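Only one structure is covered here, and it is reproduced in the block below.
No value in this document is a laboratory result; all are computed from the given coordinates. Just so you know, these numbers come straight off a predicted model, no measurement behind them. Counting neighbours? That spans all protein chains shown, and the Cβs are built from the backbone with ideal geometry, glycine included.
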Amino acid sequence: MDRISIIGGKHLNGSLPISGAKNAALPLMIASLLTPDRLTLKNVPNLADVNTLARILRNHGVDLAVDGKRAEPSPYLGETFHLTARDIVDTTAPYEMVSRMRASFWVLGPLLARCGEARVSMPGGCAIGTRPVDLHLMGLKALGAEIDIDGGNVVAKAPRGLRGTRIAFPKVSVGATHAALMAASLAKGDTVIENAAREPEIGDVAECLIKMGAKIEGVGSSTLQVQGTPRLEGAVHTVLPDRIETGTYAFAVAAAGGDVELRGARIGLLERAFAVLKQTGVTIAQTPHGVRVARNGGNLKPITIETQPFPGFPTDLQAQLMALMTRAEGTSVIRETIFENRFMHVQELARLGADIQLQGDTATVNGVKALRGAQVMATDLRASVSLVIAGLMAEGKTTINRVYHLDRGFERLEEKLSGCGAAIERLVSG
């Protein structure tokens, strides 16, 4: 199994490209199931999760062609995917495929809407809590689907098609909003989705669906109005930049010190996280080509924060922030309100010398004068990258094991960081 080795203490300087958003690319790829025409997606990141979903979609009958990287001077604009689901040959997504990645469960809605039936295994993915699919199923049931659970599989049927309705989610769910939005696009009649997730990735999928002929209003708000249409068409769409990757590298620069331009990043996609970084003493500024992040001297100031759905502080940046606060001058308090079990990085940060106490959903982080390199283990995607950030600050050598988690969500991480001066390398297993 590959490992990543980091020698801490190196400042980061230069520029670093931001890839297309994984959390938009995955549902956008799934949206190809809604039309027999070609859907072209640009700026798709080359990630393990993207490749896994591509195999799942091919199993359903999607023809997928991929264009490579663009030539200089813009080599990091991602890949271009051409997806054509002319004929759905299989409406079953088996356990051996869905268990590898939670987002693949989202094929349920489009398959049901287009084919009138689907059989999809209960999802897998990172072990950061139960993350039930009850809200996904609630939305589909409201649209008229008949749903049963059979041997760990969700069996959904809508032989007479889905019907527009009012869906009021009791809590905000990104996955359930994606499922309801895509299914409602092919339903008969009008659908109103209340308490919808407002994440930029939801808006990106909605904008793509509109290009495909869907009639959607309220994009970016908590209430979406969808006028169903009997057929969607092909389209060309560019995936928005990854705000979680942007925030991760911004925290990395804050941790290591230095001055880096995150090319392609947008402050508007991550205003709360950037506001928190400014509170710690980091400089943030929009540039013509991205976002500049700088910390040259000065101690990090502690913060008190809780994770919230967008536009609040993202749960997907909680681990990265915690790693940064291990070196703050004082005590920080971080409350995780989205997922249970999302503090698994704490025991690994402690191996590097971090002083963190947990009580329920709250972590109290007492800043220390120094972290020291050690052998650590990645437990999930975001936890693994928090260890990279800690390793950049630590004295000596840090080795991160089980880095396949990183490959699920970060494209060429070691290449991007080493290009800005980090002493980081991948140790490939023999």
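The table below lists the values:
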| quantity | calculated |
| --- | --- |
| Other-chain or far-sequence residues with amide H under 5 Å of residue 235's (modelled H) | 39, 40 |
| Long-range HN-HN contacts of residue 63 with modeled amide H, under 5 Å | 84, 85, 86 |
| The chain: angle of helix 243-256 to the longest principal axis, Cα-based, in degrees nearest 10 | 0 degrees |
| Lysines whose Cα lies under 18 Å from that of residue 188, excluding same-chain neighbours fewer than 8 positions away | 141, 157, 215 |
| Gap separating the Cα centres of region 329-386 and region 261-291, nearest whole Å | 23 Å |
| For peptides 195-205, 325-335, 284-294, sequence by mean Cβ density within 10 Å, most packed first | 195-205, 325-335, 284-294 |
| Neighbour-count order for 122, 322, fewest beta carbons within 10 angstrom listed first | 122, 322 |
| Mean Cβ neighbour count within 10 Å, used as a protection proxy, ranking 176-182, 211-217 highest first | 176-182, 211-217 |
| GNM top mover of 156, 93, 370 - the chain, alpha-carbon springs below 10 Å | 370 |
| In Hz, Karplus ³J(HN,Hα) per residue of region 180-193 (6.51, -1.76, 1.60; θ = phi - 60°; x = Gly, Pro) | 5, 5, 5, 5, 5, 4, 10, 7, 8, x, 9, 10, 10, 9 |
| Diffusion constant of region 22-229 at 10 °C, which comes from Stokes-Einstein with the Kirkwood Cα-pair radius and 1.306 mPa s, µm²/s | 94 µm²/s |
| Two-site FRET efficiency, residue 146 against residue 88, from Cβ-Cβ distance with R₀ of 22 Å, rounded to 0.05 | 0.70 |
| Rounded to 10°, Cα long-axis angle of helix 200-211 versus longest principal axis of the chain | 30 degrees |
| Calculated P(r) of the chain - Cα pairs past 30 Å, % | 42 percent |
| Amide H within-cut-off set for residue 164, under 5 Å, with H built and near neighbours excluded | 188, 189, 190 |
| Most mobile listed residue (218, 164, 353) in the chain, GNM with C-alpha springs under 10 Å | 218 |
| Listed residue pairs exceeding 25 Å between alpha carbons, taken from 171/301; 22/301; 42/278; 22/171 | 171/301; 22/301; 42/278 |
| Packing rank of 374-385, 393-404, 55-66, where each peptide gets the mean count of other beta carbons within 10 Å, highest leading | 374-385, 393-404, 55-66 |
